[in-house]
Structure formats: C-alpha cells, structure tokens
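Undergrad: Sending over a structure as structure tokens; questions will come in a sec.
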Protein chains: 2
Amino acid sequence: MSEMTQTPSSLAPSEARPYHHGDLSRALVEAARRILETEGPAALSLRAVAREAGVSPAAPYHHFKDKGELLDAVAHEGWHALDAALTEARAKSVDSKERMTSLGVAYVCFARDNPALYRVMYDCSRDKDALPDQMKEEGAYCQVRNTIDERSGGTASPIDLELATIAAWCAGHGLAEMISFKQFAPLKEALGGEEAFLRGVFEHLGMFAKLDQA
Amino acid sequence: MSEMTQTPSSLAPSEARPYHHGDLSRALVEAARRILETEGPAALSLRAVAREAGVSPAAPYHHFKDKGELLDAVAHEGWHALDAALTEARAKSVDSKERMTSLGVAYVCFARDNPALYRVMYDCSRDKDALPDQMKEEGAYCQVRNTIDERSGGTASPIDLELATIAAWCAGHGLAEMISFKQFAPLKEALGGEEAFLRGVFEHLGMFAKLDQA
DNA sequence: CATCTATCTGAACGACGTCAAGATGAATCT
DNA sequence: AGATTCATCTTGACGTCGTTCAGATAGATG
C-alpha cells in the first residue's frame, strides 16, 4: 500500500490534480515541504497541509496512518537531499586530507539552509530511537564512514572505523543544531565568516587522532 | 516578579498548598518535571501541568506569560542539574588527561538519565537560538572550557580554546541525542557496555589534537 | 473595618489530531 | 453496455490543546 495510482492515462507526470482528486500522497508531502520552508515547523499541522493541498482535513488519512507517517515521508525526502549534498561535497574536494572537513561543512550547511526540514528529520529519528535504516548501507552515514576509511588507508579496525564515524556524525549533528546560536556570532566574525568558523571547529575534532597512531 | 511569596507563616517548606492557593510558580515547575519523568515530553501540556498541580487551566497564566515561559523555567532547572552533574564528574576524575573524557561521559549520561528534561532544555534553546546566558560565565559550558584550558596548560589562544570548547560541546550534544539509537546497540555490546562505548567515541574525538601541536 | 490587589475559577474561542458515516467516481466484471 | 466494487474524498463530530476574559476569592494594606 505505497506506490500505486501512477498517472492514470494521459496526463503530465506530476502537476495539476491528475487522479480521482489528485495524486495525494505526493501532493501532501510537497505541500508539507512548502509550509516548512515558508512558515517553519511550528506551522506544520496536518490540517494546514491538507489546506495547502486543497483537500479536506480528513483526506490525508487515506494515505498516511497519522501525522507522524506524513512527517516520516517528509523526513525520508530530507535524508535523500542530504545524501545528495554530501555526495556533491565529496566529489568536489580532491585533497583527501581536507575531504572529511568538507563533508562536515557540507553537512552543517545543509542543516543551516534547511533548518525546518533538518528538524523534522531528527524529530522523526528520535521518535523511533533510530536513524533511517537505509543510511547504514548506502546513505549519508555510509558516505562519512567511507571517507574516514579512505583517509585512514583502509587500515582501521571495523570497530575503530565505526567509532570514528559515530564521533564525526555526532559532532556534525551537534554543530548543525547550534550553528545559528547567537553566542557564536562574535567568533564567526573574528574568523571571517561562518564557513571559516565551521572549518575551525571541525579542525579541532581530530577524527583521525587515534587512527593515525596506528 | 519572580520569587516572592515564600512560605507564609508556619508550614512545611514545599508541600501541601501553603499560600493563597499555593506557591504556584514552584508547584507548577515541579508538576511539569513530574509529568516529564513519568509520561514523557509528549504529555507535557499546560493543562496537564495545571491538573497535576490541582489548579484550573488558566491559573498558570498569572505566573508565566505562556507555556514557553513555564518550559523555560523547567529548562533552567535542568541546566543547573547538568552543572551539578559535570561538577561532580570533574571532581571525581584525578587524571587530567582523562578528565575531558569523563566530562563527556557525564554529560551524555545526564541526557540518557533525563531524556525528557534534556529535550526540553534544548527545545527552549533552539526557540531562542541561544544557549542560556549564564552558561558562558559560570555554567556547564564554562566547565568544559576550563577543563580544556587546564589540559592544554593554559597555552591555547582564546580563539582555539573557544573553538575546541564548541567542538567538544557539539560532539557531546550530538552523542547525547543519539545515545539510545538502536543502531548502536551491537557496538555497545561488542565493547562491553554503554559506558565503554561512550569512552570509545570520545577518545576518537581528538579535542586536543590541534592544541597539543602548539 | 473597608479597600485594594494579587491570585484563582469558569466559560468560552479557535485550532488541532483523529474518527465514523456517507458521497463520489474510476475500475472491474459480467 | 450497465451494475457493482472499492479506493478515495467530504462532512461533521469528539476530545484536547493554548489562550483570553469577566468575575469570584482572599491576603495585604490602610
């Protein structure tokens, strides 16, 4: 009960209201993201999403078990967008020593540029006490692990590799949640901009201090 | 308009309903913490707090501007409790090289043991885009900075000291938010317990990698 | 004592998440 | 084709929430 109802016969793939009254699952998720971007997470009610999609307050319940499941779908898209951002950052940085820092900066910038989406992503994760399953095998988390593995020349033990990945991930998440805290403003200015500040913080995190000893 | 109305004449310091109908500000915060611990953050409505304190749903508005201000008061208590936990941890660890890791472990354990309270603390901070002001001068943040400063022998530049503190704080917060994620369970088991896991992660964060070079 | 003022109650408003009953219309089956 | 089936959407309702306001209550003050 996920992706049936493809465009019925002869209609544009994803615009207008093609079906019965529309390809709602998708329209709802898009409406939710629109609300998130323009009005923030506080305004993201199920009724507002339905309103934005031009449908009655009860309509979403034919596509999502409850509000949480809609948010899960939004979060899912968010993780994909984060994957893409990290992939791009990884491709851009040629220096393998800098690559890790670049990944971190890209991660935090994603959160800074999509604060509401990032918040939904982590709120969903906390509700389930777990990161999305896909991440362990091919997602953003895996990109971080691979980058660390490359940097260490593939010599790190599986446990050390995992610990280092977790350490890096936690640092990135923590910084992502606090990047816009007012207290950091003077330091950002002193360092000549937010990116420099980010690099500064990440360079103090010796993700490889232990791996390099081996 | 904060702390007047101490116990009126002859009554136990904090039980029953001593005053007009009670020392509400305090009673409400206590009721809120009780609800947080027993039913979690989702159950923490203003009405539920009033109910728990035995007053009408409108009563809290004579002591707090709105729900957010009540939560601020709860968060304020939370930060004090965190301060205490860190102070204790800092006193216990004699080895200055281990002290930083001990602080980190204590921080995350506090979050693990008071998950709902910790969540309220950071939700409030995010709403204001700032950590509590007191922290910069004498709170938990300051303890972390001092510990780093001691460890580096007081030789770190102010900027490096600040960057290292932020890095450590972000890592601690990130780990605190994810410590109970299911994906980490196998690794915890492999390392022989949650504390060992925490130490493992923190030891991969070379908060001093850069400071030690100087 | 009367009065003042902080505190609390009761009732109400709009918004929320959710559900049950009914309407609607595309798809399927003779 | 027409009848039927079934997913989809609407209407209306329920209980809860945050918040406000007019009025009751009872310490504190004169």
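Undergrad: Would you pick out the residues in segment B:145-159 that are facing chain A (nearest Cβ under 10 Å) and either in contact with a strand residue (DSSP E or B) (Cβ under 6 Å, 6 or more places away or on another chain) or open to solvent by 40 Å² or more (accessible area, probe 1.4 Å) (or both)?
TA: Within segment B:145-159, B:Pro158, B:Ile159 meet the criteria.
Undergrad: Return yes when B:Ala130 is surrounded by fewer than 20 Cβ atoms within 10 Å (Cβ to Cβ), small (Gly, Ala, Ser) and not in a helix (DSSP H, G or I) and no when it is not.
TA: Yes, satisfied.
Undergrad: Checking B:Arg145 against (1) under 21 Å from the mean Cα position of the chain (by Cα); (2) touching a residue at least 40 places away in the same chain (Cβ under 8 Å); (3) assigned to a helix (DSSP H, G or I), only one condition comes out false. Which one?
TA: (2)
Undergrad: Those residues that are in contact (Cβ under 8 Å) with a residue 24 or more places away in the chain, assigned to a helix (DSSP H, G or I), open to solvent by 30 Å² or more (accessible area, probe 1.4 Å) and within 12 Å of DNA strand D (Cβ to nearest atom), I need them from segment A:44-79; list them, please.
TA: Answer for segment A:44-79, where residues must be in contact (Cβ under 8 Å) with a residue 24 or more places away in the chain, assigned to a helix (DSSP H, G or I), open to solvent by 30 Å² or more (accessible area, probe 1.4 Å) and within 12 Å of DNA strand D (Cβ to nearest atom): just A:His62.
Undergrad: Next up: May I ask you to list the residues in segment A:157-200 that are within 20 Å of B:Ile159 (Cα to Cα) and of a type in the set (Ser, Thr, Tyr)?
TA: A:Ser180
Undergrad: For segment B:23-35, which positions are within 13 Å of DNA strand D (Cβ to nearest atom) and either assigned to a helix (DSSP H, G or I) or loosely packed, with under 13 Cβ neighbours inside 10 Å (or both)?
TA: Result: B:Leu28, B:Ala31, B:Ala32, B:Ile35.
Undergrad: Shifting gears a bit: Considering segment A:102-144 alone, what residues qualify as being more than 12 Å from chain B (Cβ to nearest Cβ) and among the polar types (S, T, N, Q)?
TA: Those that are more than 12 Å from chain B (Cβ to nearest Cβ) and among the polar types (S, T, N, Q): A:Ser102, A:Asn114, A:Gln143.
Undergrad: OK, next. Of (1) of a type outside the set (S, T, N, Q); (2) open to solvent by 30 Å² or more (accessible area, probe 1.4 Å); (3) near DNA strand C (Cβ under 9 Å from one of its atoms), A:Ala84 satisfies all except one. Which?
TA: Among (1) of a type outside the set (S, T, N, Q); (2) open to solvent by 30 Å² or more (accessible area, probe 1.4 Å); (3) near DNA strand C (Cβ under 9 Å from one of its atoms), A:Ala84 violates only (3).
Undergrad: Right, here's the next one. When segment B:150-195 is examined, which residues are found to be among the hydrophobic types (A, V, I, L, M, F, W, C), over 21 Å from B:Ala106 (Cα atoms) and not in a helix (DSSP H, G or I)?
TA: Listed by number, the list holds a single entry, B:Ala156.
Undergrad: Moving on to the next point. Restricting attention to segment B:117-139, which residues are farther than 19 Å from A:His173 by Cα and at pLDDT 95 or above?
TA: The answer is B:Leu117, B:Pro132.
The values are calculated or read from the model by the stated rules, or taken from the named source; none is laboratory data. Quick caveat: nothing in here was measured; it's all calculated off a predicted structure. Note that each Cβ is placed from the backbone with ideal geometry, even for glycine, and that neighbours are counted across all protein chains shown. SASA here: full protein model, heavy atoms, side chains in, ligands and nucleic acids out. Shrake-Rupley method; radii C 1.70, N 1.55, O 1.52, S 1.80 Å.
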